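Before any comments, here is the structure.
The values are calculated or read from the model by the stated rules, or taken from the named source; none is laboratory data. Worth saying up front: this structure is predicted, and the values here are computed from it rather than measured. All Cβ positions, glycine included, derive from the backbone under ideal geometry; neighbour counts span all protein chains shown. Note: accessible area is taken over every heavy atom of the protein model, side chains too, but ligands, DNA and RNA are not part of it. Shrake-Rupley method; radii C 1.70, N 1.55, O 1.52, S 1.80 Å.
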Amino acid sequence: MRRGFFAVGIVQGKTVENLGTLWRTANLFGAAFIFTVGRRYKRQCSDTMQTPRHVPLFHFDTVDDLIEHLPDSCPLVGVELNEDATPCHLLKHPERACYLLGAEDNGLSKADQAKCHEIVKLPGDYSLNVAVAGSLVIYDRWRQVQP
């Protein structure tokens, strides 16, 4: 039996295509919930599975609001290009985790990174599309928990 859960969301997500794609991946890989921080988005036409009908969708005004409402013992794991971050392939994904990604145009701010329990980075010297980055982290988590 698989234990634990994960959630994924974007701070001030900019494009409907990226939100929809990330949410679809989250749904396919068993996310407990999805979320947004800030309300800079519209309906995700790229989410053809209509994920919020199947996986709870929460909205938070700020990262502090998200942190205040995290499930018990659930660390906030930021995903960002940061030289001090743990490389994704070396991360032991927590049993419970809430993955936080930054917006397409601004990334995850230094202030928001400081609020995370851990920061993870993907390989490469340049940022990836936010939906791709989130999907890769979700896949890496899935890969680790398979029996």
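Can you tell me which residue is farthest from Lys14 (Cα to Cα) among those in segment 97-147 that are part of a helix (DSSP H, G or I) and among the polar types (S, T, N, Q)? Among those that are part of a helix (DSSP H, G or I) and among the polar types (S, T, N, Q), it is Gln144. Checked against (1) assigned to a loop (DSSP other than H, G, I, E, B); (2) in contact with a strand residue (DSSP E or B) (Cβ under 8 Å, 6 or more places away or on another chain); (3) surrounded by 15 or more Cβ atoms within 10 Å (Cβ to Cβ), Ile67 passes all but a single condition, namely (1).
Considering only residues that are open to solvent by 10 Å² or more (accessible area, probe 1.4 Å), outside any loop (DSSP other than H, G, I, E, B) and modelled with pLDDT under 90, which ones fall in segment 8-36? Result: Val16, Glu17, Asn18, Thr21, Arg24.
Looking only at residues of segment 57-84 that are in contact with a Gly (Cβ under 9 Å, 6 or more places away or on another chain) and among the acidic types (Asp, Glu), we find that the one that is farthest from Gly38 (Cα to Cα) is Glu80. Look at segment 125-147: where a residue is under 16 Å from Leu90 (Cβ atoms) and a partner is part of a helix (DSSP H, G or I), sitting 6+ places away or on another chain with Cβ atoms under 6 Å, you get Asp140/Cys88.
Note on segment 70-127: residues that are open to solvent by less than 50 Å² (accessible area, probe 1.4 Å) and either touching a His at 6+ places or on another chain (Cβ under 6 Å) or of a type in the set (A, V, I, L, M, F, W, C) (or both) amount to 19.
Looking at segment 6-17, I want the residues that are more than 16 Å from Ser135 (Cα to Cα) and in contact (Cβ under 8 Å) with a residue 40 or more places away in the chain and have a partner that is of a type in the set (A, V, I, L, M) and assigned to a strand (DSSP E or B) with Cβ atoms under 7 Å, at least 6 apart or on another chain. Which pairs are those? Every condition considered, the pairs that remain are Gln12/Val37; Gln12/Ala103; Lys14/Ala103. Just to be sure, is Ala103 of a type in the set (A, V, I, L, M, F, W, C) and at pLDDT 95 or above? It is false that Ala103 is of a type in the set (A, V, I, L, M, F, W, C) and at pLDDT 95 or above. Scanning segment 85-129 for residues that are touching a Gly at 6+ places or on another chain (Cβ under 9 Å) and among the aromatic types (Phe, Trp, Tyr) yields one hit, Tyr99.
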